[in-house]
Each structure stands twice: as structure tokens, then as C-alpha cells.
């Protein structure tokens, strides 16, 4: 319950006298230790992404996405050209720093600078990217950009409420579950109840420290396995 009241003794939200809005993201690269994020470029990324997605044994990774899988290279090219043509969503390719290859994509979307709210979405990580430190760093790089560079107040994650892996990932990455929006979306000819998650700017400093500890090379053994889990670091 708010402790602030107006002249009518009604509870109101906390005042934000210095709030002037966030900045909009631009088509710039974001550099990390294990990966970099660059705006999607079909000419550069098509073959890498097609190879990465084709490493899957079946099409289950596309079940909860509105697009894909792509049966031909031309269909995939058309998809990437569409991704590259929009500024909201603003799509990035995740580039493995070691190999230089694109292994997946993700986007900043529903960009609302006036209210300082932005969402990460359209996450399409190939089997070569899932459950790697690269995938975690990709989320961290966007998160850091959202809060430190752009000055947002709120970072959102949304997914089909039936998408258990996505919900587990949101929790691992430090997002707080807020509830279910029933019958929120129609896609692939079916209903979607949407699960909402968020991180607030007040929560970011502690999360940032956790990510930095987790991503430190000293947190991985000689085989590349994590020593401390990110969820454990975030819980602390």
C-alpha cells in the first residue's frame, strides 16, 4: 500500500520529480567476454543461423514462437530480412566470440521510453546456444544496456504460460513472476495465456553484481562447467 497521499487523502504512487524518460535503443553492437550482440544482417548471418538451427533434431524449439521453422534457405532469408527491417522489435544476432558465428537471435521490443519500460522477446536460441554461458551473457548484455545505458525503470519478459522452459529461464535470469494475462494473444491458430515477468531498476544493481560474478572465468572449471549457479548467486 502506498504511503503517499494527495490533497483528498487518496493513496497515490511515489512521486518521480526528476523523471524525464528513458532513451530509445539504437542499432549498435554490444560487446561481452564470450559473445557480442549485433543488429541482425541477413547477408552476414543467414548461413550461420540456418546451420545453427538445423543442428536441432526436431522442430520443438519453434512451438512457442510465432514464426519458423524454415524449410528452405530462402524462407529463412525472408524471415531475417523482416527482422532486420524493424526498429521495434529491434533484433540482434548473438555472435560466439570464439568462432565468430551467429548462434541465435533475440530482440528488444515494446519500447516505451516515456514510461521507461522495455521487453526482451523473440528469443530464438539454437541448440548450440542454449544452456551456455554465451546465452546468459547475451541476456546480461541487453539487461545492462536497458538499465545502465538507456535508463529504463522496468525490463519485461513475457511468454506463453504453457512454455515451461521459458518460465524457468525467466526465473533463473532474475525476473519476478507477476501473473497470467488470460487469452492475451492468438498465434499459430491457438490461444495464448501470457505469463508476465519483470526486473525493476531498483533490483538491477544486485542482479548486475550476481551476473558479473557468475560470468567471471573463475566461476567455470577447466571443462567449462559452472561452479556456482546463477540462480544461487541471484538468490544471495
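Anything in the stretch 85-95 that is buried (at least 17 other Cβ atoms within 10 Å of the Cβ) and farther than 21 Å from residue 186 by Cβ? List them, or say none.
Of the residues in the stretch 85-95, the ones buried (at least 17 other Cβ atoms within 10 Å of the Cβ) are 89-95.
Those that are buried (at least 17 other Cβ atoms within 10 Å of the Cβ) and farther than 21 Å from residue 186 by Cβ: 90, 91, 92, 93, 94, 95.
Applying the condition of being in contact (Cβ under 8 Å) with a residue 12 or more places away in the chain and more than 23 Å from residue 207 (Cα to Cα) to the stretch 174-184 and asking which residue is surrounded by the fewest Cβ atoms within 10 Å (Cβ to Cβ) yields 180. Screening the stretch 157-173 for residues that are in contact (Cβ under 8 Å) with a residue 40 or more places away in the chain, crowded, with 17+ Cβ neighbours inside 10 Å and in contact with a helix residue (DSSP H, G or I) (Cβ under 8 Å, 6 or more places away or on another chain) and picking the one that is farthest from residue 214 (Cα to Cα) gives 160. Can you go through 83, 90 and tell me which one is modelled with pLDDT of 95 or more, out of contact with any helix residue (DSSP H, G or I) (no Cβ under 9 Å at 6 or more places or on another chain) and under 17 Å from residue 26 (Cβ atoms)? After applying the criteria, what remains is 90. Just one of (1) surrounded by fewer than 21 Cβ atoms within 10 Å (Cβ to Cβ); (2) assigned to a loop (DSSP other than H, G, I, E, B) fails for residue 152. It is (1).
Taken across the stretch 51-72, residues that are in contact with a strand residue (DSSP E or B) (Cβ under 8 Å, 6 or more places away or on another chain), farther than 25 Å from residue 171 by Cα, surrounded by fewer than 17 Cβ atoms within 10 Å (Cβ to Cβ) and modelled with pLDDT of 95 or more do occur, with at least one present. Going through (1) more than 27 Å from residue 148 (Cβ to Cβ); (2) surrounded by 10 or more Cβ atoms within 10 Å (Cβ to Cβ) one by one, residue 3 falls short only on (2).
Looking only at residues of the stretch 108-139 that are within 15 Å of residue 27 (Cα to Cα) and surrounded by fewer than 22 Cβ atoms within 10 Å (Cβ to Cβ), we find that the one that is farthest from the chain's Cα centre (by Cα) is 111. Considering 177, 147, the condition of being at pLDDT 95 or above and under 30 Å from residue 31 (Cβ atoms) is satisfied by 147 alone.
The values are calculated or read from the model by the stated rules, or taken from the named source; none is laboratory data. Note that this is a predicted model, so its numbers are computed, not measured. Positions of Cβ are generated from backbone atoms using ideal geometry, with glycine treated the same way; all protein chains shown enter the neighbour counts.
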